[in-house]
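Take a look at the structure below.
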C-alpha cells in the first residue's frame, strides 16, 4: 500500500512539473503568433481565427502556471482554476469549430464563398464567440459553488449537462467539417492542396487526442476523481499540449527545410490563402481580443 502511494506521489509530481514546463513554453509560442499576426501580417479571413485562437490558448496556458504558483504558495488549489480553464477552453473550441467549418465551406463552394461572404464575417464571428461566453460562465460556476457561494445541486446539474452537451456538439461540428474537408481535398478536388488544410487537420487531431480528455474529465469529474485519480493531472497535461502545439504546426507547415527565416515569414507561408487575400487588399480588422 505504501509502495503504491509512493508511486502515485511520484507520478503526480512528474505530471505536475511536465504541465508546468509545457505551460511555461506554450504562452511563448502563442504570444509570438499573437504578436506577428496582430501587428506584422495583414489579416485575411482565416488568419483572424488563428489570431483569436492563439489568444484563447495563451490565456488557457497561463492558468496552470499562475495557479501552480498559487498552489505552491498557499498549499491548496483555488476553485477559480476550474472556472477560468473551462472558460478559455470553451472559447478555443468555439473558434476551432468556426474556423474548421468556414475552411470546409470555402473549399467546397469557392465561387459562392468569395461572392457571398461578408467582408468582416471572421471578426464578427470571433466577437460573437468572446462576448456571450465571458459573462455566461459565472452563472453555472456560481450555481455549483465555485465562486465561494453555496451550491444549488439541481441547478448546477442542469448547467453542467448543458455545457458538456454543447462542448460535444462543437467538437462534433469541428470534426465533421474536418472529415468532409479531408475527403473532398483527397478524393474530389483538382486544385492544389492548401496549407490551411494541414492546419485544420493538425488542430483537429490535437483536439481529439489531447483536448477531448478534458471534456470527459469535466463531464465525469466526481466519478473519475474517485475511480481514476490520475486522470485529472493527465487531462490537464494533455490540454496544455493541445494549446501549446498549434504554433508548432504553423511553423512546421510554413518552414522551408534548410532555411532560417523570421517567424512572420513562416506564418505568412503557412497561412497561404489567408495571407494572399490580405496582400490583395482584402484584409480584415483585428477584431476584439
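The values are calculated or read from the model by the stated rules, or taken from the named source; none is laboratory data. The shown structure was predicted, so the numbers you read here are calculated from the model rather than taken from an experiment. Quick reminder, even Gly has a Cβ in these numbers, built from the backbone with ideal geometry, and neighbours come from all protein chains shown.
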- Enumerate the pairs (first residue in region 13-39 and under 12 Å from residue 241 (Cα atoms); second residue anywhere and outside any helix (DSSP H, G or I)) with beta-carbon separation below 6 Å, excluding pairs fewer than 6 apart on the same chain, so at least 6 apart or on different chains. none
- Item | Condition met for residue 190 (part of a helix (DSSP H, G or I) and at pLDDT below 90) | no
- Query: Here are 167, 182, 89, 99: which of them is closer than 20 Å to residue 222 by Cβ and either at pLDDT 85 or above or touching a strand residue (DSSP E or B) at 6+ places or on another chain (Cβ under 8 Å) (or both)?
  - Reply: 89
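A quick yes/no check of all residues on (1) over 21 Å from residue 80 (Cα atoms); (2) in contact with a helix residue (DSSP H, G or I) (Cβ under 7 Å, 6 or more places away or on another chain); (3) in a helix (DSSP H, G or I):
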| position | (1), (2), (3) |
| --- | --- |
| 162 | no, no, yes |
| 171 | yes, yes, yes |
| 179 | yes, no, yes |
| 183 | yes, no, yes |
| 198 | yes, yes, yes |
| 203 | yes, yes, yes |
| 213 | no, yes, yes |
| 237 | no, yes, yes |
- Query: For residue 149, all conditions in the list (1) more than 25 Å from residue 213 (Cβ to Cβ); (2) at pLDDT 85 or above; (3) more than 14 Å from the chain's Cα centre (by Cα) hold save one; what is the number of the exception?
  - Reply: (2)
- May I ask you to list the residues in region 193-211 that are at pLDDT 85 or above and buried (at least 20 other Cβ atoms within 10 Å of the Cβ)? 199, 200, 203, 204, 206, 207, 211
- Task: Please enumerate the residues belonging to region 239-289 that are in contact with a helix residue (DSSP H, G or I) (Cβ under 8 Å, 6 or more places away or on another chain), part of a helix (DSSP H, G or I) and modelled with pLDDT under 70.
- Result: 273, 274, 275, 278
- Is region 221-228 home to any residue that is without any contact (Cβ under 8 Å) to a residue 12 or more places away in the chain, over 19 Å from residue 91 (Cβ atoms) and surrounded by 15 or more Cβ atoms within 10 Å (Cβ to Cβ)? yes
